[in-house]
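Below is one structure, written out as structure tokens, with a few remarks after it.
The values are calculated or read from the model by the stated rules, or taken from the named source; none is laboratory data. Everything quoted here is computed from the prediction, not taken from an experiment. Here the Cβ positions follow ideal geometry from the backbone for every residue, glycine too, while neighbour counts run over all protein chains shown.
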Ligand code: NAD
Ligand code: AHE
Ligand code: ZN
């Protein structure tokens with residue numbers, strides 16, 4: 001079949017909107033009509049050329065929701081008409097990683113996924129002249145139709161709106177999951193969140209859900225205060241307005257350092273600040289942000305010797321086929337909020353404007369509706 005897609009033709013170039021060829025699903029695969037997709041900073045990271053795994057041409061996008069159109073041979077858990085959210089962290093429920101409760105990082109298809117291919121080592125997308133187009137994070141939601149492995153699809157309830165629950169495909173789950181699954185924040189904790197974008201605001205709402213007493217938001221952009229406060233932020237710090245040492249300021253503000261700190265910027269200097277603003281003796285710092293090729297974190301080992309821990313999280317530690325349907329229920333039951341964070345709605349033709357809004361700090365989530 002043919003479908004419409006935004007294709008990343010080369011690093012640093014705007015996405016090109018075009019008709020592409022899409023082959024039907026093979027064994028263990030599912031054809032999905034994408035109804036809506038969010039634009040995450042990770043898509044921009046790869047489009048820009050900062051991603052060491054970036055491959056071009058590719059169809060980016062990993063924060064989508066849609067409907068099953070066709071199932072390949074041997075697919076048993078999904079049928080035509082099911083509503084689904086594609087998962088860049090699949091859940092095969094069989095590999096060594098899935099069988100270990102300490103991780104959500106299913107590795108059953110990670111190698112081919114990282115190479116922009118489906119598990120059989122081939123791509124289903126091509127340009128009309130036959131040039132192959134790579135998949136991205138196993139999802140490629142910047143196409144109106146995509147083919148995804150069965151193990152990388154969460155089946156969700158049919159009454160949930162696509163233009164909101166697409167965000168559960170990354171930002172919502174990553175932010176809330178970082179608090180609940182990775183940090184396991186206790187009631188009464190003090191926390192600092194660096195970066196109040198599409199991920200950081202969900203960390204804040206996760207902290208409120210977990211019963212944190214103090215939730216400090218840190219961002220260079222003052223316009224994030226209103227949204228941060230809406231989701232539970234108790235204090236705001238703009239580092240550009242702090243006189244003197246930022247770590248010392250944050251340690252004082254949190255009465256000796258935070259129990260938990262979260263980086264949602266992808267900036268390695270910020271990651272260091274986050275680690276050092278964690279409480280001596282027990283503070284944990286969780287890295288969520290994705291840093292460019294070549295960037296490295298550093299601190300004095302003394303920071304760790306004196307009881308701080310540095311950890312990281314992918315997809316908020318969530319096992320997608322199990323956890324994502326539950327998070328959709330939380331949204332539908334009013335336990336978590338999504339709507340205010342969807343600040344812009346775009347057509348696929350306008351997708352590059354979505355990345356401009358992200359750079360200008362004007363959007364939290366721009367969502368493309370097909
Ligand atoms: P975003 O662009 O919406 O938000 C980033 C925020 O950080 C903005 O508000 C910006 O003003 C702020 N910021 C930038 N530099 C800063 C600094 N030096 N100090 C304080 N604030 C600063 O991006 P997003 O979609 O929220 O993504 C955030 C990061 O999380 C990205 O690196 C993204 O790739 C990563 N991410 C990781 C995972 C994961 O599973 N680990 C999942 C999703 C996104
Ligand atoms: N390809 C990058 C790493 C990108 C990365 O860390 N991705 C996160 C999800 S970000 C979603 O917005 C992730 O899931 N990582 C685990 C994994 O296996 O990719 C690089 O630096 O090479
Ligand atoms: Zn993402």
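Tabulated data for the structure shown
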read-out: Residues within the range 329-370 that are in contact with a strand residue (DSSP E or B) (Cβ under 9 Å, 6 or more places away or on another chain) and part of a loop (DSSP other than H, G, I, E, B), tallied; value: 6
read-out: Answer from 56, 142, 125 - the residue that is crowded, with 16+ Cβ neighbours inside 10 Å and within 16 Å of ligand 1 (Cβ to nearest atom); value: 142
read-out: All strands (runs of 3 or more DSSP E) inside the range 212-306 with 3 or more residues being in contact with a helix residue (DSSP H, G or I) (Cβ under 8 Å, 6 or more places away or on another chain) and more than 16 Å from ligand 2 (Cβ to nearest atom); value: 214-218, 235-237
read-out: Residues (in a helix (DSSP H, G or I) and buried (at least 20 other Cβ atoms within 10 Å of the Cβ)) located in the range 199-209; value: 200, 201, 202, 203, 204, 205, 206, 207
read-out: Any chance residue 321 is assigned to a helix (DSSP H, G or I) and more than 14 Å from ligand 1 (Cβ to nearest atom); value: yes
read-out: Single residue of 32, 20 found to be more than 14 Å from ligand 2 (Cβ to nearest atom) and within 21 Å of the chain's Cα centre (by Cα); value: 32
read-out: Hits in the range 1-13 (condition: loosely packed, with under 14 Cβ neighbours inside 10 Å and either farther than 19 Å from residue 116 by Cα or touching a strand residue (DSSP E or B) at 6+ places or on another chain (Cβ under 6 Å) (or both)); value: 1, 2
read-out: Test: residue in the range 344-351 that is closer than 25 Å to residue 194 by Cα, more than 16 Å from ligand 3 (Cβ to nearest atom) and either at pLDDT 95 or above or under 15 Å from the mean Cα position of the chain (by Cα) (or both); value: yes
read-out: Selected residue [at pLDDT 95 or above, surrounded by 23 or more Cβ atoms within 10 Å (Cβ to Cβ) and away from ligand 3 (no atom under 16 Å from the Cβ)] from 318, 295, 274; value: 274
read-out: Condition met for residue 184 (surrounded by fewer than 24 Cβ atoms within 10 Å (Cβ to Cβ), outside the structural domain of residue 29 (by TED's automatic domain parsing) and near ligand 1 (Cβ under 9 Å from one of its atoms)); value: no
read-out: Any hit, the range 200-210, residues being at negative phi, within 16 Å of ligand 3 (Cβ to nearest atom), in contact with a strand residue (DSSP E or B) (Cβ under 7 Å, 6 or more places away or on another chain) and not assigned by TED's automatic domain parsing to the domain that holds residue 359; value: yes
read-out: Residues of the range 155-181 that turn out to be assigned to a loop (DSSP other than H, G, I, E, B) and within 11 Å of ligand 1 (Cβ to nearest atom), as a count; value: 1
read-out: Selection status of residue 94, away from ligand 1 (no atom under 16 Å from the Cβ), out of contact with any strand residue (DSSP E or B) (no Cβ under 6 Å at 6 or more places or on another chain) and within 26 Å of residue 161 (Cα to Cα); value: no
